[in-house]
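Have a look at the structure below, then the notes.
The values are calculated or read from the model by the stated rules, or taken from the named source; none is laboratory data. This is a predicted model, so every value here is computed, not measured. Ideal geometry is used to build each Cβ from the backbone, glycine not excepted, and the neighbour counts take in all protein chains shown.
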Amino acid sequence: MNNPDLIIAAQSFQWMDRERVLELARSSLADNGVMAILQNNRDYRYSEFLNEYEDLLEELSPNYSCHYRDFDYAQELNTTFRHEENVNQITLNIWWNMIIPNEEFIGMASSSTQVQLFRFHKPRGSIGELFPILDAGNSGLFIVGAAVFF
């Protein structure tokens, strides 16, 4: 296989051995190739509801932290590609908002490990126990997100 012009890492990059992946990308890319890292995360810092949701996830799982996304990818790229010539780094932040119906939020949240643990340990528990804000008559939730491209 020839050296690729583009290598893209997305959300799962958070869980990888990033130093190793970046080193493999550096040694594999074609001259003037592009390494792109795409992230799309809930931004709990600007939403009271999402902040409460992240607090709940931390409460349900002692190993979970809302800060698990706080990596300095720009620095990691700089470290790996520091000896390369003609390296340009561009960081693009895009903030987005959306209203998500309660049922859709519950569907998304129910797929999380923490909510599944709650249901395992409390099989008769209701989703309303987890998300009392959903019972407040809200027809939809305002979700704030951030997409970052390196």
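Quick notes on this structure:
- For Phe120: the one exception among (1) over 21 Å from Met16 (Cβ atoms); (2) at pLDDT 80 or above; (3) out of contact with any helix residue (DSSP H, G or I) (no Cβ under 9 Å at 6 or more places or on another chain): (2)
- In the stretch 58-91, the residues that are assigned to a helix (DSSP H, G or I), of a type outside the set (A, V, I, L, M, F, W, C) and touching a strand residue (DSSP E or B) at 6+ places or on another chain (Cβ under 8 Å): Arg69, Tyr73
- Asp55 being in a helix (DSSP H, G or I) and without any contact (Cβ under 8 Å) to a residue 40 or more places away in the chain: yes
- Restricting attention to the stretch 58-99, the residues being over 20 Å from Ile37 (Cβ atoms), in contact (Cβ under 8 Å) with a residue 24 or more places away in the chain and not small (Gly, Ala, Ser) number 5.
- For the stretch 39-87, the set of residues classified as surrounded by 13 or more Cβ atoms within 10 Å (Cβ to Cβ) and among the aromatic types (Phe, Trp, Tyr) consists of Tyr44, Tyr46, Phe49, Tyr53, Tyr64, Phe71, Tyr73, Phe81, listed by residue number.
- Members of the stretch 21-47 that are in contact with a Leu (Cβ under 9 Å, 6 or more places away or on another chain), in a helix (DSSP H, G or I) and closer than 19 Å to Gln75 by Cβ: Leu22
- Only one entry in Tyr46, Tyr53 is at pLDDT below 85 and touching a strand residue (DSSP E or B) at 6+ places or on another chain (Cβ under 7 Å), namely Tyr46.
- A single entry from Ile133, Ile143, Ile94 fulfils the requirement of being surrounded by 10 or more Cβ atoms within 10 Å (Cβ to Cβ) and either at pLDDT 75 or above or assigned to a loop (DSSP other than H, G, I, E, B) (or both): Ile94.
- The residues of the stretch 37-76 that are under 30 Å from Ala25 (Cα atoms) and touching a Ser or Thr at 6+ places or on another chain (Cβ under 7 Å) amount to a single one, Ala74.
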